[in-house]
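**Q** Following this message is one structure expressed as structure tokens.
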2 protein chains.
Amino acid sequence: MGKLARDVALVAVGMCKFGNYSKYGPPDQIKTSRDLWMEAYLDMLKHMDKTMDVQKEAEALFLGNFSSDLFEQQGHLAPLMAEVIGLNPKPAMRLEDACVSGGVAFRTAVIAVASGIYDTVIAGGVEKMTDLTTAGVTDTLAAAADGAFEYPYGATFPGLYANIATAHMAKYGTTLRQLRLVAIKNHNNGKLNPRAQMQMTLEDIMNKNIQKGVGNWKDIWEYLDDDKVNPWVAYPLRLNDCSLVTDGAAMAIITTKEKAKQYTDTPLYIVGTGQGSDTLALHDRPDRTHLRAAQVAAKEAFKMAKLEPKNIQTAEVHDCFTIAEIVAMEDVGFFKFGEGGKAVEEGLTELNSQIPINTSGGLKSKGHPIGASGIGQIVEVFKQMRGEAEGKRQLKNIPEIGLTHNVGGSGGSCTIHIFKR
Amino acid sequence: MGKLARDVALVAVGMCKFGNYSKYGPPDQIKTSRDLWMEAYLDMLKHMDKTMDVQKEAEALFLGNFSSDLFEQQGHLAPLMAEVIGLNPKPAMRLEDACVSGGVAFRTAVIAVASGIYDTVIAGGVEKMTDLTTAGVTDTLAAAADGAFEYPYGATFPGLYANIATAHMAKYGTTLRQLRLVAIKNHNNGKLNPRAQMQMTLEDIMNKNIQKGVGNWKDIWEYLDDDKVNPWVAYPLRLNDCSLVTDGAAMAIITTKEKAKQYTDTPLYIVGTGQGSDTLALHDRPDRTHLRAAQVAAKEAFKMAKLEPKNIQTAEVHDCFTIAEIVAMEDVGFFKFGEGGKAVEEGLTELNSQIPINTSGGLKSKGHPIGASGIGQIVEVFKQMRGEAEGKRQLKNIPEIGLTHNVGGSGGSCTIHIFKR
């Protein structure tokens, strides 16, 4: 166990522009899952460096999606998304593990190629969230928590992550300022990403509010402390500590090492994959400051890759809330337990620093279309590692080794992937 | 492509008694997904012929479930089911392809073991359906149809399969009598299955109605033609042409050929696996009399197994409606196109006949807990092929080669598995 029977490569990625395409919005801006998925497909075709007949070459579709059932009253999504891009009658299946549905779809696709049953497959993710009200979205997301012991008592995700945050603050002295800095950094990065939902820094947002006459703040810190523009959602998390409600789709093509060069001159190799699980309910875990599922996933992935955290040169981690990024950095092993917050404060995770994290803008600024988020992370690492990230977002030293960390729920599941050029 | 890197074996199975455990029923008979799943687990442990520390040996869980989201407002089900049987922090993921969620979970588990990443895994399925009203169930199931072009226009599954049935009748002369005979046969088998939801023949049901004074019929045919007790659901399908609304769970342990003998003296080998997809919407397919997804899956599975339909000695096929069993028999290749109905009429698919089909009672009588149905089929084939089916249900010639055929929606997806002793 623990080894793949053959090497697997990543040769192409695509994503739509993440955003809000609600059916209640302007008629010319409405998009369905089908539209988002087709857009991701066309984006992938557009950015291929060699011609590839995807409909001929791709042998199966692994689709990450959290709950088109609740969001759109549409189950059985995988053959439908296969239909949209002309893949029927090839096998198509949906993978679901809440917010790590995309990560699990990717891992399952990697494993399938390694098994010998397929040579070339598509791993993708899609989620259309904005057709529900905000309360409806919160309620739907809460289905990823324990339906017997959390949800009926009013626990929704901001509250659960607030619980993780206060535990982390109590044990390690992590500060509110450190949490806010995660959001500031990720919005700085997201501004540089043309596919991000919010291409604005938090200062941009503050200045916009000043122009509109909403208020007048001396700096971003005063702005972020203002209950009116940045209200508490669940202490210590304010509005700007939460990721976005997003419609989006992303996809990737995975193939064998042998075939990879047919499709691109610069494939990435998936040298490590790891997955772990945990109790759904937060209160059932002995330690709330870290996620066991992530630690197990990291251990498996690093062991398979024969690498250590210090070898990683860029990472996309699951920042569904600002505290989640700090916990993630510690779970993966970039920083010791309790030192994540300080690392953010010292700027060690910014662009072109020690370990650039969430160069895409992360879930906080790029957006968090649940089932697509894990694949969205892989899109970013692929671009960074091939020197193809747009404009100033591209890291100056093109990374040779990258990592993605994708979490489901409050840590009930997690996948980690390690990529090498 | 098309070959598994190593051989994979099936060494243990378990299932709960399928039934109606609604929260609106008698308090002492209420069961949740967690209860059903635990019951399946305990059933599996009870029927193992060697001692196995499942919590230690099993390395991952592949869970089939259609929509605990809509049925129970519970997503992220896989780590929760892993928790119930003590598997955390091992990887746990949910697979969904409507009614073939169980079959897809099984196939994905087989592929994962072949890949080398795991040696031993659990593939299972669970669905808790009866907490919704009948209309709620119909509505939820309809989410497996096309949400843009079928569901909003009132198409639900009885109507879609009725459409398949009329097309089959028009093209091949399949008769109402042949449809009814499928139900009669499957209830005859289900009566012999202690885990079936309805352990009654249709004659038993008729006699019960006579005793209750509901009516008086000279034979089963008059009974089945009575609009009062067997109303039309969608012509040509009456109530007794439809499978049941069921709560249930089932699971299986899959391992390498090398390890199999550690766990049992009589493993089965999974010699063929196939999967196909198709458009979700029925009207998008050139031919409504057969399912392309099933034909593609059969072709892949038989090719991998180096076998032909005539080699199969028992099969569980997806009889969500009586017409579906006839179509399935033809898609798999047991009978030529258009000859399935006649085969049923001639008794060729009964117990101890040419090709015994749905010895378990099928979805019609054993029950159809959506995500668990595909694994439930595998439970039956495993028992039959080891001579462990209860009482008179056991085939006299213990089959050496068996097959399962599991369909999603109106044929948007399908898996087929072939087992050998």
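**Q** On the Cα set of segment B:287-421, report Rg and Dmax in Å, please.
**A** Rg and Dmax of segment B:287-421, Cα atoms, are 13.4, 41 Å.
**Q** How large a share of the accessible area of segment A:356-421, in percent, is made up of carbon and sulfur atoms when the probe is 1.4 Å and the other protein chains stay in place?
**A** 46 percent
**Q** Which percent of the accessible heavy-atom area of segment A:177-217 goes to carbon and sulfur, probe 1.4 angstrom? Intermediate values should be presented prior to the final figure.
**A** Working: 860 of 1830 Å².
In segment A:177-217, the share of accessible area belonging to carbon and sulfur is 47 percent.
**Q** Tell me the Rg and the Dmax, in Å, that the Cα atoms of segment A:256-315 produce.
**A** Rg and Dmax of segment A:256-315, Cα atoms, are 16.1, 50 Å.
**Q** Given a 10 angstrom Cα cut-off, can you work out which residue in B:L237, B:L132, B:L192 is the most mobile in a GNM of chain B?
**A** Maximum among the listed residues: B:L132.
**Q** I need the peptides B:154-167, B:97-110, B:46-59, A:9-22 ranked by packing, meaning the mean over residues of other C-beta atoms within 10 angstrom, with the highest value on top. Kindly include the intermediate steps, with their values, before the conclusion.
**A** Values: B:154-167: 20.2, B:97-110: 32.1, B:46-59: 14.0, A:9-22: 23.6.
The most tightly packed comes first, giving B:97-110, A:9-22, B:154-167, B:46-59.
**Q** For segment A:253-264, take each phi angle, set θ = phi - 60°, evaluate the Karplus expression 6.51 cos²θ - 1.76 cosθ + 1.60, and give the result in whole Hz per residue in order, putting x for glycine and proline.
**A** 10, 10, 8, 7, 4, 5, 7, 3, 5, 5, 9, 7
**Q** Hey, another quick one. Show that you can apply the helix-only estimate: for chain A, add -39,500 (n - 2.57) for every DSSP H stretch of four or more residues, divide by all residues, and state [θ] at 222 nm to the nearest 500.
**A** Helix contribution divided over all residues of chain A: -11000 deg cm²/dmol.
**Q** Follow-up question, since we're still on this one. Answer rounded, prolate or oblate for segment A:128-198, using the Cα gyration tensor with square roots of eigenvalues a ≥ b ≥ c: rounded when a/c is under 1.5, else prolate when a/b is larger than b/c, else oblate.
**A** Values: a/c = 3.50, a/b = 1.12, b/c = 3.13.
Here segment A:128-198 falls in the oblate category.
**Q** How crowded by other chains is B:66-74, given as the mean number of beta carbons from other chains within 10 Å of each beta carbon?
**A** Across the residues of B:66-74, the mean count of other-chain Cβ atoms within 10 Å is 6.
**Q** Hey, for B:M48 with labels 7 Å out along Cα-Cβ, what do the inter-copy distances come to in nm, ordered shortest first?
**A** When each copy's label point is compared with this one, the spacings are 4.7 nm.
**Q** In vacuo Debye scattering of the protein assembly as shown, one point per C-alpha: log10 I(q)/I(0) at q = 0.08, 0.09, 0.10 Å⁻¹?
**A** Listed by q, the Debye log ratios stand at -0.64, -0.80, -0.98.
**Q** Okay, moving on. For the interface of A with B, what's the total buried accessible surface in square angstrom, probe 1.4 angstrom, rounded to the nearest hundred?
**A** Buried: approximately 4900 Å² between B and A.
**Q** Run through the other copies and list how far each one's label point is from that of B:G215, in nm with one decimal, shortest first; the point sits 7 Å from Cα along Cα-Cβ.
**A** Going from nearest to farthest copy, the values are 7.2 nm.
**Q** Continuing with the same structure: Using the heavy atoms of the protein chains and a 1.4 angstrom probe, tell me the accessible area per residue for segment B:132-220 in square angstrom.
**A** Using a 1.4 Å probe on heavy atoms only, each residue of segment B:132-220 averages 44 Å².
**Q** Could you give the distance between the Cα centres of segment A:98-114 and segment B:331-364, to the whole Å?
**A** Their Cα centres are 37 Å away from one another.
**Q** If a/c stays under 1.5 just call it rounded; otherwise compare a/b with b/c (prolate if a/b is bigger, oblate if not). Do that for segment B:1-155, with a ≥ b ≥ c from the square roots of the Cα gyration tensor eigenvalues. Don't jump to the answer; show the numbers that get you there.
**A** Details: a/c = 2.40, a/b = 1.35, b/c = 1.78.
Verdict is oblate for segment B:1-155.
**Q** So what's the gap between the Cα centers of segment A:245-262 and segment B:129-178, to the nearest angstrom?
**A** 35 Å
**Q** Note every residue of segment B:286-318 with a reduction of at least 10 square angstrom in accessible area, all protein chains present versus the isolated chain, computed with a 1.4 Å probe, or write none.
**A** Output list: B:R292, B:V296, B:E300.
**Q** Another question about this same structure. Please compute the per residue accessible area over segment A:227-285 with all protein chains in place, 1.4 Å probe, rounded to a whole number of Å².
**A** That works out to 32 Å² per residue.
**Q** Answer rounded, prolate or oblate for chain A, using the Cα gyration tensor with square roots of eigenvalues a ≥ b ≥ c: rounded when a/c is under 1.5, else prolate when a/b is larger than b/c, else oblate.
**A** Values: a/c = 1.43, a/b = 1.31, b/c = 1.09.
Note, shape of chain A comes out rounded.
**Q** Still on this structure: For the pairs A:K218/A:K364; A:K366/B:K128; A:K128/A:K185, note any where the Cα-Cα span goes beyond 28 Å.
**A** A:K366/B:K128
**Q** Give the nm distances, rounded to one decimal, from A:P286 to the matching residue in every other copy, measuring between label points 7 Å along Cα toward the beta carbon; shortest first.
**A** Taking the point 7 Å beyond Cα along Cα→Cβ, the inter-copy spacings are 6.2 nm.
**Q** Over segment B:68-125, with every protein chain in place, what whole percent of the accessible area is carbon and sulfur at 1.4 Å, could you tell me?
**A** Details: 290 of 520 Å².
Roughly 57 percent, rounded to a whole number.
**Q** Then there is this: How big, on average over all directions, is the shadow cast by the Cα convex hull of segment B:131-290, in nm²? Mind showing how you got there, number by number?
**A** Working: hull surface 54.9 nm².
So the Cα hull casts an average projection of 13.7 nm².
**Q** Divide, for segment A:71-207, the radius of gyration over alpha carbons by 2.2 N^0.38 Å, where N is the residue count.
**A** 1.36
**Q** In addition: With the solvent-accessible surface defined on protein heavy atoms using a 1.4 Å probe, which residues belonging to segment B:103-137 display a reduction of at least 40 Å² in accessible area in the multichain context relative to the isolated chain?
**A** Listed by number, the residues meeting the 40 Å² cut-off are B:I111, B:S115, B:I117.
**Q** Under 5 Å between amide hydrogens, which residues at least 5 positions from A:S277 or on another chain qualify, with H placed 1.01 Å from N in the peptide plane?
**A** B:K90
**Q** Right, something else. Excluding same-chain residues fewer than 8 positions from A:K336, which lysines have a Cα within less than 18 Å of its Cα?
**A** A:K171, A:K299, A:K310
**Q** Next up: In whole angstrom, how far apart do the alpha carbon centroids of segment B:1-39 and segment A:1-26 sit?
**A** 31 Å
**Q** Within the protein assembly as shown, what percent of beta bridges assigned by DSSP are antiparallel, to the nearest 5?
**A** 75 percent
**Q** Is there a pair in A:K31/A:K257; A:K3/A:K342; A:K50/A:K257; B:K261/B:K420; A:K56/A:K259 whose C-alpha atoms are over 25 Å apart, and which pairs would that be? All intermediate terms of the calculation are to be shown ahead of the outcome.
**A** Details: A:K31/A:K257 36 Å; A:K3/A:K342 36 Å; A:K50/A:K257 16 Å; B:K261/B:K420 15 Å; A:K56/A:K259 14 Å.
Over 25 Å Cα-Cα: A:K31/A:K257; A:K3/A:K342.
**Q** From the backbone phi of segment A:184-196, what are the Karplus-calculated ³J(HN,Hα) couplings (6.51 cos²θ - 1.76 cosθ + 1.60, θ = phi - 60°) in whole Hz, Gly and Pro given as x?
**A** With coefficients 6.51, -1.76 and 1.60, one gets 4, 4, 5, 5, 4, 5, x, 4, 8, 10, x, 9, 6 Hz.
The values are calculated or read from the model by the stated rules, or taken from the named source; none is laboratory data. The shown structure was predicted, so the numbers you read here are calculated from the model rather than taken from an experiment. Every residue, glycine among them, receives a Cβ derived from its backbone with ideal geometry; neighbour counts consider all protein chains shown. Ligands, DNA and RNA are stripped out before the accessible areas are found, and what is left, the full protein with its side chains, is counted by its heavy atoms. Shrake-Rupley method; radii C 1.70, N 1.55, O 1.52, S 1.80 Å.
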